[in-house]
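The structure under discussion appears below in the form of structure tokens.
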Amino acid sequence: FDWQPPKSETERVRLVLGSTWPEDEAFWLPLFPHLLSQKLEIVLVPHEPSEEHIKSLSQKLSEMQISFQLSSEPAKSASVLLVDQVGFLAELYVDADLAFVGGSFRKLVHSVMEPLACGCVTFVGAFFQNNREAQLFMKMQLNPHLFAVQAISQAEQLQSALAHWLALDRASQSKLRDAIQNRVRAKQGATQSTIDWL
């Protein structure tokens, strides 16, 4: 996407909120002003980008006086990229540092493997028990304060994790991303190996 996030003297951190449902957005939207003040770039990708839903999100962002750009629009300087098209989520994770996987404040979390494969520290809400990979990567401790997948049900939990991520320099962040990607690669082929063994 041709998007121009506001310029900053410091390197920005990109957060992709992927496959979000209204319940997920109800948690995240009130946090946007604070997240943006911490030099985060936010990409919001609704699971169902219907015209009605995009209009509702656009209105909420406008009421909060947050600048945004629709992905289908020409580039402009905006704090939030609101994706109103389907089929682009996987490539959006590639340029992200952090991710949230939707459905996890609603009922069932979607797959966490795409953001993990891109090296993103990945957040999920309270409903993640349906996802084996989410539970597995919650056990992958990156440092004393961060895990590859982190469950957040309260804003304070998110703020704590973000503070620890933002306290790292870019080289340290890159090492953690590499560690996540290496663990994902190590898991590739596990299903076929099990089938072969059987």
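If R₀ is 25 angstrom, what is the calculated FRET efficiency for the pair residue 86 and residue 175, using the beta carbon separation as r and rounding to 0.05? Kindly include the intermediate steps, with their values, before the conclusion.
Numbers: r = 34 Å, r/R0 = 1.34.
Efficiency, from the Cβ-Cβ distance: 0.15.
In terms of the ratio Rg/(2.2 N^0.38 Å) built on C-alpha atoms, what value belongs to the range 1-149? Please list the in-between numbers first.
Values: Rg = 14.8 Å, N = 149, 2.2 N^0.38 = 14.7 Å.
This ratio for the range 1-149 stands at 1.01.
Here's how it looks for residue 68: its modeled amide H is under 5 Å from those of 79, 80, which are all 5 or more places away or on a different chain. Size check on the range 27-101: the Cα extents along the three principal axes, sorted descending, read 29, 28, 26 Å. One Cα centroid belongs to the range 15-68, the other to the range 161-187; the line between them spans 25 Å.
Looking at the range 66-157, which trypsin sites (Lys or Arg not before Pro) are DSSP coil and have at most 16 other C-beta atoms within 10 Å of their C-beta?
Working: sites: 76, 106, 107, 132, 139; in loops: 76, 106, 107, 139.
Listed in order of number, the matching sites are 76, 107, 139.
Going highest first, how would you order 42-48, 66-72 by mean Cβ packing within 10 Å?
Numbers: 42-48: 21.4, 66-72: 17.4.
Going from most to least packed, we get 42-48, 66-72.
Apolar share of the accessible surface for the range 63-108: 50 percent from carbon plus sulfur atoms, 1.4 Å probe.
Working note: Cα atoms of the range 79-198, range along each principal axis, descending, whole Å: 49, 33, 26.
Set the Förster distance to 30 Å, then compute FRET efficiency between residue 94 and residue 167 from the Cβ-Cβ distance, nearest 0.05. Could you put the intermediate results ahead of the total?
Working: r = 24 Å, r/R0 = 0.81.
After rounding to 0.05, the efficiency reads 0.80.
Which of the peptides 117-124, 142-149, 51-58 is most tightly packed, and how do the rest follow, going by the mean number of other Cβ atoms within 10 Å of each residue?
On the way: 117-124: 24.5, 142-149: 17.2, 51-58: 14.4.
The packing order, highest mean first, is 117-124, 142-149, 51-58.
Near residue 150, the amide H atoms lying under 5 Å from its own belong to 122, 123, 124; only residues 5 or more places off or on other chains count, and H is placed 1.01 Å from N.
The values are calculated or read from the model by the stated rules, or taken from the named source; none is laboratory data. Everything quoted here is computed from the prediction, not taken from an experiment. As a convention, Cβ positions derive from the backbone with ideal geometry for all residues, glycine included, and neighbour counts pool all protein chains shown. Surface areas here come from the heavy atoms of the whole protein model, side chains and all, with no ligands, DNA or RNA. Shrake-Rupley method; radii C 1.70, N 1.55, O 1.52, S 1.80 Å.
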